[in-house]
Each structure stands twice: as structure tokens, then as C-alpha cells.
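Worksheet for the structure shown next.
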Amino acid sequence: MSGEVLGIAGILCLFALLLLRVPVAIAMFLVGFTGIAMLNGLTAATGLLASESYTLATSPELVVVPLFILMGNIASITGMSRRLYDAAYAIVGSVRGGLASATVIGCGGFAALSGSSVASALTMGKVALGEMDRYNYDTRLSTGVVAAGGTLGILIPPSTGFVIFAILTEQSIGRLFLAGVFPGLLLLALFVLAITVLCWFRPEFGPAGPATSARAKLRAIANAGPITGVILLTIGGIYGGFFSPVEASAVGAGLVILLGVFRSNLSFRDYWAAARDSVVTTATVMLILISAHMINPFMALSHIPAAVGEMITALNLSATGVLVLILVIYLVLGCFLEGFAMLVLTLPIFFPIVLAMDIDPIWFGVLTVLTLEMGLISPPVGLNVFIVKSVAPRVALGTIFRGVLPFWLMMVLAVAILIAFPQIVLYLPNTMIN
């Protein structure tokens, strides 16, 4: 069997496994290992598995994954994420749609701790949905804003999506983290704008909450001050050259643990539960990366990436045209595939084309991750929608999908703005020290 035919068969098998709900890492590993064994022999496949597993296990850059995940888990268990929401609520809760805006801001703050979209949607769903129900918010807005706000977790650093992109493309994790800051804030602002406009024309969607006194505002901001300081310290330390991303993750996790102990709301049992969840999540990420290093050589041996690259090049599109075409492909695939699976499958095909067209890889990385975010709220998969459904089981899936539509359109607008003004992405990484 020729490499091309075997490669096409492997891709079809992978899609079939994913449709059968086989975990992404296992599906990619089975296809990659089997394909290499059929092309180069079983010895080559087992040797590659051993070498790549050792390389990833000894990679110091990957330490950022468990430490930032631990930081987010500790913040969630100790109620620090709740304090971020309370501070946002105290500031904007008394205006129309204020609770929804506070939820988006809280999601952005928690995203800067956890780096996980699923964790952001789940945590803020538990915190905010009850409050919005209490003030008779329309369920389309309340559930939609939680699902959409959770997507900030994969864009605002630290982001697991950026780590995987960096490992697969050999780019700087620190530069990608900094590149996500302004786009993340832009998207957050667009979400708040969507809420404001929607509640201006439909006041019943998001009634104003009770007014908060100046003293209560200051108290809520002060309570959120320490965890806000940790966020600014970790990201600012990377930008200023004081920390590498690995050191920043250690500083952030250590400070969050110390805050929990100092406030006497982090027991040993809580710490053990947070550490255990961090290990499980890290193991999942590592399995995906090992599987990526199995399936990517198989794809290269099948010559499919080269063939697809030649097809795209033959279209004679400009660099912007190629970029838009790739993002549209990601947008379509996001309706059916999980984001990490898309990164692993498509980057070996698209990234060489991006480099050949002189498209900045950091800019491309942020646009790719932002487009992957859209898949988290796109039907029929929409992982964040199902997360919100688990928190609000009485709300129909169709209602949640209708609720995320305004925010999905804001994400399209954000992509267009970042394509038109790439310096929004590149300013911080291009001015970072060291």
C-alpha cells in the first residue's frame, strides 16, 4: 500500500474513532503508531514511541502545564475565583446586563489563572448562573455568556492551547503568552459591548442589579487585590524578563498556595484534591503531545501535508488570502473536532505554508487559537455549551446555542480586527525583554 493511500485511510480511521467518542489522544496514537508500523516496521514505531516519550518527559518547558493548572485549581477551591467575580459585580453589577458583564470579566480573570476554557466555564457557571437567575436574566443571555466567557481561557495567558501550539511548532511559549494578552482583552471588551447593546435594546434580558456603595466596591476590590496581583506579577514578570514562563508558573502557583494558607481556606485535603486534578489534566495533555509526535511522522511519511501544501500554493492567493483560507478551514473543522485534535492534525500541513508565505508564526498562533475558541461554542460539538448544560440541566441545548450567537459574532469581529491590525498581537512579544 502506498504512503498516500495509507495516509488517507489513516485520516478516515481517525475521524471514525473520534465520531465513536474514542478519546483524542488514544485515537491519534492508534492511527499514528499503526501507520508507522505499516510503513517502516514495528521496531521503528516502538523506537519512536520510546524516544518521543522520553523527550517530552524531560522537556523543562512543559513544567508550565502542571504548575499553571495547579494555580487555577487552588484558586477555584479556595474561592479566589469567586472574589474576582464579586469585584467585577461590585463595579458593573448595577447597570443593565451588569451581572453578565461581571461574569465575562470574572471569566477573563479566572482564565489568567487556569489557562483552561472548560475550567473557566465550569467555575463561573457555578458562581454566576444562580445570581443571574435570581435577578430574572433571560436564560439565553445567562447561559450564553458563561459558555462564551469560558472561551477566554484558551486565549488569555497562561493558555494550554498556546503551550501545545508552541511545542508542535517550536515557537516561544513566553512570546505566545504575551501575544495573547491584548487579543484576550479585546475579545473581553467585545463581549461586554455585545451584552451592553443587547440589554439596551432588550432591557428584560438583563435587568440592573442593586446599587453597591462605594465602601462595598472598595472592599470587593481589596478582596480581589491579592489574586489580581499574582496575575499581574506572573505576566508582567515574563514581559519584563524577570521570569521565564517556567519560573512564572512556579512563582504563580507558589503565591496562590501561600495566599490560601495565609487566609486559612486551603486545607491539606483541598490541596491534595487540587494536585490530583492537576496531575490528571497534565497526563491528558502529555498523552496528546505524545500522540502528536506519533501521528505527525506518519503524516509526513504519507506525503499528504506536502500534497495539500502544493494545492494551496497553486491557488496563487496572497498571504492574507492563504491565512483567511486556513482560518475558514479551522472554523469548519471546529464544528466537529476538538481543538487540540485540530492543532495536531493540521499544523504539520499548514505551518510550513505559513512560514513559506512569510506570515509571522506568533500572529498565526494567536489567530489559530482564537479560531479554535469559536469551535468551543459552535454546534454540534460546542464543548463549552455542554459544560454549561451540565451546570444548568433544565436549560435546553438549543437555548444555550442561541445565547452564544452574539458572542460568536463578536469572535468573528475580533479575528477580522486582528488580521487588519497585527500589531495588537505582536506589540508585547516584540517589546518583551530577553
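The values are calculated or read from the model by the stated rules, or taken from the named source; none is laboratory data. None of the values given here were measured: they were computed from a predicted structure. Backbone-built Cβ (ideal geometry, glycine too); neighbour counts: all protein chains shown. Please note that ligands, DNA and RNA were not included when accessible areas were found on the heavy atoms of the full protein model with its side chains. Shrake-Rupley method; radii C 1.70, N 1.55, O 1.52, S 1.80 Å.
For segment 17-30, does any single residue satisfy the condition of being out of contact with any Pro (no Cβ under 8 Å at 6 or more places or on another chain), open to solvent by less than 20 Å² (accessible area, probe 1.4 Å) and modelled with pLDDT of 80 or more?
First, the residues of segment 17-30 that are out of contact with any Pro (no Cβ under 8 Å at 6 or more places or on another chain): 17-30.
Okay, now just the ones that are also open to solvent by less than 20 Å² (accessible area, probe 1.4 Å), so 25, 27-28.
After this cut, where a residue has to be modelled with pLDDT of 80 or more as well, the list is 27-28.
Scanning segment 17-30 turns up at least one residue that is out of contact with any Pro (no Cβ under 8 Å at 6 or more places or on another chain), open to solvent by less than 20 Å² (accessible area, probe 1.4 Å) and modelled with pLDDT of 80 or more.
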Does Ser120 satisfy being without any contact (Cβ under 8 Å) to a residue 40 or more places away in the chain and under 15 Å from the mean Cα position of the chain (by Cα)? yes
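From the set of residues in segment 313-335 that are in a loop (DSSP other than H, G, I, E, B) and touching a Ser or Thr at 6+ places or on another chain (Cβ under 8 Å), which is surrounded by the fewest Cβ atoms within 10 Å (Cβ to Cβ)? First the steps, then the outcome.
Within segment 313-335, the first condition is being in a loop (DSSP other than H, G, I, E, B), and the residues that meet it are 315-318, 334-335.
Retained after the next criterion (residues that are touching a Ser or Thr at 6+ places or on another chain (Cβ under 8 Å)): 334-335.
Details: Gly334: 21, Cys335: 13.
Among those that are in a loop (DSSP other than H, G, I, E, B) and touching a Ser or Thr at 6+ places or on another chain (Cβ under 8 Å), it is Cys335.
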Of the residues in segment 88-117, those that are without any contact (Cβ under 8 Å) to a residue 40 or more places away in the chain and closer than 20 Å to Ala392 by Cβ come to Ala102
Considering every residue within segment 70-87, establish whether at least one is among the hydrophobic types (A, V, I, L, M, F, W, C), open to solvent by 40 Å² or more (accessible area, probe 1.4 Å) and either closer than 16 Å to Ala208 by Cβ or in contact (Cβ under 8 Å) with a residue 40 or more places away in the chain (or both). yes
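Return the only residue of Ala306, Ala283 being out of contact with any Gly (no Cβ under 8 Å at 6 or more places or on another chain), open to solvent by 50 Å² or more (accessible area, probe 1.4 Å) and either without any contact (Cβ under 8 Å) to a residue 24 or more places away in the chain or of a type in the set (A, V, I, L, M, F, W, C) (or both).
Values: Ala283 fails: open to solvent by 50 Å² or more (accessible area, probe 1.4 Å).
That would be Ala306, the only listed residue that is out of contact with any Gly (no Cβ under 8 Å at 6 or more places or on another chain), open to solvent by 50 Å² or more (accessible area, probe 1.4 Å) and either without any contact (Cβ under 8 Å) to a residue 24 or more places away in the chain or of a type in the set (A, V, I, L, M, F, W, C) (or both).
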Residues being within 19 Å of Leu152 (Cβ to Cβ) and part of a helix (DSSP H, G or I): count how many of those fall in segment 364-388. 17
Unmet criterion (only one of (1) at pLDDT below 85; (2) more than 21 Å from the chain's Cα centre (by Cα); (3) polar (S, T, N, Q)) for Ser76: (2)
Please go through segment 266-281 and pick out each residue that is of a type outside the set (A, V, I, L, M), assigned to a helix (DSSP H, G or I) and modelled with pLDDT of 85 or more. Phe268, Arg269, Asp270, Tyr271, Trp272, Arg276, Asp277, Ser278
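Output the residues belonging to segment 231-265 that are over 21 Å from Gly108 (Cβ atoms) and assigned to a helix (DSSP H, G or I).
Keep residues of segment 231-265 that are over 21 Å from Gly108 (Cβ atoms), which gives 240-244, 246-247, 250, 254, 257-258, 260-265.
The answer is Val246, Glu247, Ala250, Gly254, Ile257, Leu258, Gly260, Val261, Phe262.
Would you confirm whether any residue within segment 58-65 is more than 21 Å from Ala111 (Cβ to Cβ) and in a helix (DSSP H, G or I)?
Step one: list which residues in segment 58-65 are more than 21 Å from Ala111 (Cβ to Cβ), which gives 58-60.
The next check asks that each one be in a helix (DSSP H, G or I); those that pass are 60.
Scanning segment 58-65 turns up at least one residue that is more than 21 Å from Ala111 (Cβ to Cβ) and in a helix (DSSP H, G or I).
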